[in-house]
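S.K.: Okay, here's the structure, questions in a sec.
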Amino acid sequence: MSAYINIIQEYKDIPGGLIEAYHALQREYNYIPEDAIAEAAKIFGVSEARAYGVATFYSYFKVGERGRYVIRICESAPCHVAGAAEVVKALEQQLGIKMGETTGDGKFTLEFCECVGQCQATPVITVNSKPYLDVSPEKIPGILSECQ
Amino acid sequence: MAEEMRIVLRNYGKIDPLNIEDYLKAGGYKGLEKARAMSQIDLINEVKKSGLRGRGGAGFNAGAKWSFSYNTGAEVKYVVCNADEGEPGTYKDRIIMENDPQSLLEGMAICGYAIGAQKGYIYCRGEYPYVVDILNQAIDQAKAKGVLGDFDIEVRMGAGAYVCGEETALIESIEGHRGEPRFKPPFPPVAGLWSNPTIVNNVETFANIPVILEKGADWYSSIGAKSYPGTKVLTLTGDVNNRIFIEVPTDTTIRQVIYDFGGGIPDNKKFKAVQIGGTSGGFIPESLLDTSIDFDSMSGIGAALGSGAVFVMDETRDIVDVVQRITKFFEHESCGKCTPCREGTKRMNEIICRLNSGQGLAYDLTTLEKLGRVMSVACLCGLGQAAPAPVLTTLKHFADDYSAHLN
């Protein structure tokens, strides 16, 4: 618990720093721990409802646990026509989970996302925000094996 | 054969973006120096005279916008750079920031001097953490070099909300709130960030400013289309041979963009449609390809220049299937503040899904059209107002695709 407080405290005096604090939490844990929201509310002097409202408004934030490697697949139109659906199928098959789920060992989470701005080489996926370009089902094993 | 003209991307590939000395050697910060030797009024008039209009989508005259903030006489004002590019198929702001971050900082500092602001924020989308690092390094170098004077710039990171591209939603987000658009008026140039006068301009708009100062308003206004002068950075995606970014004068035609620069459609297939300006742009058929890409010409055909994304579809694409992706996007990205958008995007997606699965009736098409028309006037912000454009333009230009799906 005190670890959250230390992270959040750093942003306390920055105007509008709540979102920056959430980014910092997510950099540390890959998600925003539920308990941290109550702490953030106290530190920023807002209601818990408000702090929760901010955290859940933004799709880049995830409240509650997820895997160490968050794989996001872009489903915007340019990636869609380039074959994103096959990439989704390959990822689901190889990890044995469905989109939105986390593997039993807590290593991988699969999520849909919208455009990540790398449309020169579609379809695009990101692994912990790092973009992988021109992704095809054949490239998936290689990308997964990089996650060690 | 049309040719590129690089103004915004003048330093692309020529300088080390992480070395301010390179930027200075290429003539960087001369524009700011020149601006500071002018009176604020003269500076604003010069920008106004150049005819530069916002490159973020709304196309408002940049100098005129600045004059609103200048005229307020408030003590604290802000300059905000909208680097939250979230329009699917768009990555031009990333290219600018990755390759020439100092030109953005210089443009913001010029704006700061013009309106009398000491503080600037760059709101960079959360999907670009690596760009945030570049911007922070560039700011550190500019501060160490003293080129920004008393103007301070801070980077804030967005967190994946498309609606934050709308300027009042973006301001809410910098303030640490949910990114829900505000009621207007007051407009941000009068009351924006923490209720202070705030100029929000796009990355590409700011990157144009130093060159305009250096070469003059007359030079700039003579480039491209008269009512929307200068260049536009475009990103080509979809069924096009060259999936590249280009910067072209604004009187270039859509056909030139797709065929001269994009190299046409792959595998000898035929062109079917192009959607310009991102996911909220209208779909354009073959018969309108000779339209110039400038803001007003695009509005004239019921489309939009928007972010400059150019998404090409060949003859094998099922328009209804592509539109379903788009209506799902808007249902997800609607912030939920106003009813026409929250409910409208949901119902629109519902109907399109029904059509796409072959369960739709002719009646659905009439409903879609009516719903779209209502949303485009009744929604609170640009997101909801533009969301029906892909549906309305495809109903108009690609009616056969819809008929083929009817039950």
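The values are calculated or read from the model by the stated rules, or taken from the named source; none is laboratory data. This one's a predicted model, so the numbers in the text were calculated from it and none came from an experiment. Please note: Cβ atoms are built from the backbone with ideal geometry, for glycine as well, and neighbour counts cover all protein chains shown.
S.K.: Just the residues that are of a type in the set (Gly, Ala, Ser) and closer than 16 Å to residue B:89 by Cβ, please, taken from segment B:287-314.
M.R.: First, the residues of segment B:287-314 that are of a type in the set (Gly, Ala, Ser): B:287, B:292, B:297, B:299-300, B:302-304, B:306-309.
Result: B:303, B:304, B:306, B:307, B:308, B:309.
S.K.: Please state which of the following conditions residue A:15 fails to meet, knowing it meets all the rest: (1) within 30 Å of residue A:119 (Cβ to Cβ); (2) within 9 Å of chain B (Cβ to nearest Cβ); (3) outside any helix (DSSP H, G or I).
M.R.: Exception for residue A:15: condition (1).
S.K.: When only residues in segment B:89-104 that are of a type in the set (A, V, I, L, M) and surrounded by 24 or more Cβ atoms within 10 Å (Cβ to Cβ) count, which is farthest from residue A:112 (Cα to Cα)? Working first, answer last.
M.R.: Taking segment B:89-104 first, the residues of a type in the set (A, V, I, L, M) are B:95-97, B:104.
Subsequent filtering for residues that are surrounded by 24 or more Cβ atoms within 10 Å (Cβ to Cβ) retains B:96-97, B:104.
Working: B:96: 27, B:97: 26, B:104: 32 Å.
Per the criteria, the residue is B:104.
S.K.: Hey, among the residues in segment B:378-387 that are closer than 21 Å to residue B:305 by Cβ and of a type in the set (A, V, I, L, M, F, W, C), which one's surrounded by the most Cβ atoms within 10 Å (Cβ to Cβ)? Quick ask: steps written out before the conclusion?
M.R.: Residues of segment B:378-387 closer than 21 Å to residue B:305 by Cβ: B:379, B:381-387.
Filter again for of a type in the set (A, V, I, L, M, F, W, C), leaving B:379, B:381, B:383, B:386-387.
On the way: B:379: 24, B:381: 23, B:383: 23, B:386: 22, B:387: 29.
Among those that are closer than 21 Å to residue B:305 by Cβ and of a type in the set (A, V, I, L, M, F, W, C), it is B:387.
S.K.: Would you check which residues across segment B:114-131 are crowded, with 20+ Cβ neighbours inside 10 Å and either in a helix (DSSP H, G or I) or not assigned by TED's automatic domain parsing to the domain that holds residue B:197 (or both) and list them? Show your work before the answer.
M.R.: Here is the first cut: in segment B:114-131, the residues crowded, with 20+ Cβ neighbours inside 10 Å are B:114-115, B:117, B:120-128, B:131.
Scanning segment B:114-131 gives B:114, B:115, B:131.
S.K.: Could you say whether any residue in segment B:281-302 is within 13 Å of another protein chain (Cβ to nearest Cβ) and in contact with a Gly (Cβ under 9 Å, 6 or more places away or on another chain)? Spell out the reasoning first.
M.R.: The initial filter retains those residues of segment B:281-302 that are within 13 Å of another protein chain (Cβ to nearest Cβ), namely B:281, B:283.
Subset that is in contact with a Gly (Cβ under 9 Å, 6 or more places away or on another chain): B:281.
Checked segment B:281-302: at least one residue is within 13 Å of another protein chain (Cβ to nearest Cβ) and in contact with a Gly (Cβ under 9 Å, 6 or more places away or on another chain).
S.K.: Tell me the helices (runs of 4 or more DSSP H) entirely within segment B:199-304 that contain at least 1 residues that are buried (at least 19 other Cβ atoms within 10 Å of the Cβ) and under 14 Å from the mean Cα position of the chain (by Cα).
M.R.: Details: elements: B:203-215, B:217-221, B:295-300.
Of the helices (runs of 4 or more DSSP H) lying wholly inside segment B:199-304, those with at least 1 residues that are buried (at least 19 other Cβ atoms within 10 Å of the Cβ) and under 14 Å from the mean Cα position of the chain (by Cα) span B:203-215, B:295-300.
S.K.: Suppose we filter B:107, B:86 for residues that are within 14 Å of chain A (Cβ to nearest Cβ), surrounded by 22 or more Cβ atoms within 10 Å (Cβ to Cβ) and of a type in the set (Gly, Ala, Ser); which single one remains? Give the derivation first.
M.R.: Working: B:107 fails: within 14 Å of chain A (Cβ to nearest Cβ).
Just one listed residue meets the conditions, B:86.
S.K.: Here's another thing I want to ask about it. Can you tell which of A:28, A:39 is at pLDDT 95 or above, acidic (Asp, Glu) and in a helix (DSSP H, G or I)? Give the steps one after another, and end with the answer.
M.R.: Values: A:28 fails: at pLDDT 95 or above.
Matching residue, one of A:28, A:39: A:39.
S.K.: Mind listing whichever residues of segment B:265-293 are of a type in the set (Asp, Glu) and over 26 Å from residue B:329 (Cα atoms)?
M.R.: Answer for segment B:265-293, where residues must be of a type in the set (Asp, Glu) and over 26 Å from residue B:329 (Cα atoms): B:267, B:290.
S.K.: I'm checking my understanding of the structure. Among residues of segment B:89-104 that are under 10 Å from residue B:138 (Cβ atoms) and in contact with a strand residue (DSSP E or B) (Cβ under 8 Å, 6 or more places away or on another chain), which one is nearest to the other protein chains (Cβ to nearest Cβ)?
M.R.: This residue is B:97.
S.K.: Is one or more of the residues making up segment B:17-39 surrounded by 15 or more Cβ atoms within 10 Å (Cβ to Cβ), over 27 Å from residue B:116 (Cα atoms) and of a type in the set (Asp, Glu)?
M.R.: Yes, segment B:17-39 contains a residue that is surrounded by 15 or more Cβ atoms within 10 Å (Cβ to Cβ), over 27 Å from residue B:116 (Cα atoms) and of a type in the set (Asp, Glu).
S.K.: State which residue pairs qualify: first residue outside any strand (DSSP E or B) and inside segment A:120-132, second residue acidic (Asp, Glu) in any location, beta carbons under 7 Å apart, and separation of 6 or more residues or different chains.
M.R.: Cβ pairs passing all conditions: A:121/A:134.
S.K.: Right, something else. Can you go through A:89, A:107 and tell me which one is surrounded by fewer than 18 Cβ atoms within 10 Å (Cβ to Cβ), more than 9 Å from every other protein chain (Cβ to nearest Cβ) and closer than 30 Å to residue B:239 by Cβ? Steps first, answer last, please.
M.R.: Working: A:107 fails: closer than 30 Å to residue B:239 by Cβ.
Of the residues listed, the single one that is surrounded by fewer than 18 Cβ atoms within 10 Å (Cβ to Cβ), more than 9 Å from every other protein chain (Cβ to nearest Cβ) and closer than 30 Å to residue B:239 by Cβ is A:89.
S.K.: Of the residues A:70, A:87, which single one is within 20 Å of residue B:157 (Cα to Cα) and not in a loop (DSSP other than H, G, I, E, B)?
M.R.: When all the criteria are applied, what remains is A:70.
S.K.: For segment A:48-60, check the following and say yes or no: at least one residue is aromatic (Phe, Trp, Tyr), outside any helix (DSSP H, G or I) and either facing chain B (nearest Cβ under 9 Å) or farther than 18 Å from residue A:109 by Cα (or both).
M.R.: Of the residues in segment A:48-60, the ones aromatic (Phe, Trp, Tyr) are A:52, A:57-58, A:60.
When the remaining residues are screened for being outside any helix (DSSP H, G or I), the result is A:58, A:60.
Filter once more, keeping what is either facing chain B (nearest Cβ under 9 Å) or farther than 18 Å from residue A:109 by Cα (or both): A:58, A:60.
Checking segment A:48-60: at least one residue is aromatic (Phe, Trp, Tyr), outside any helix (DSSP H, G or I) and either facing chain B (nearest Cβ under 9 Å) or farther than 18 Å from residue A:109 by Cα (or both).
S.K.: Now a separate question. Hey, among B:8, B:79, which residue is within 22 Å of residue B:228 (Cα to Cα), aliphatic (A, V, I, L, M) and surrounded by 15 or more Cβ atoms within 10 Å (Cβ to Cβ)? Talk me through it step by step, then tell me what you get.
M.R.: On the way: B:79 fails: within 22 Å of residue B:228 (Cα to Cα).
After applying the criteria, what remains is B:8.
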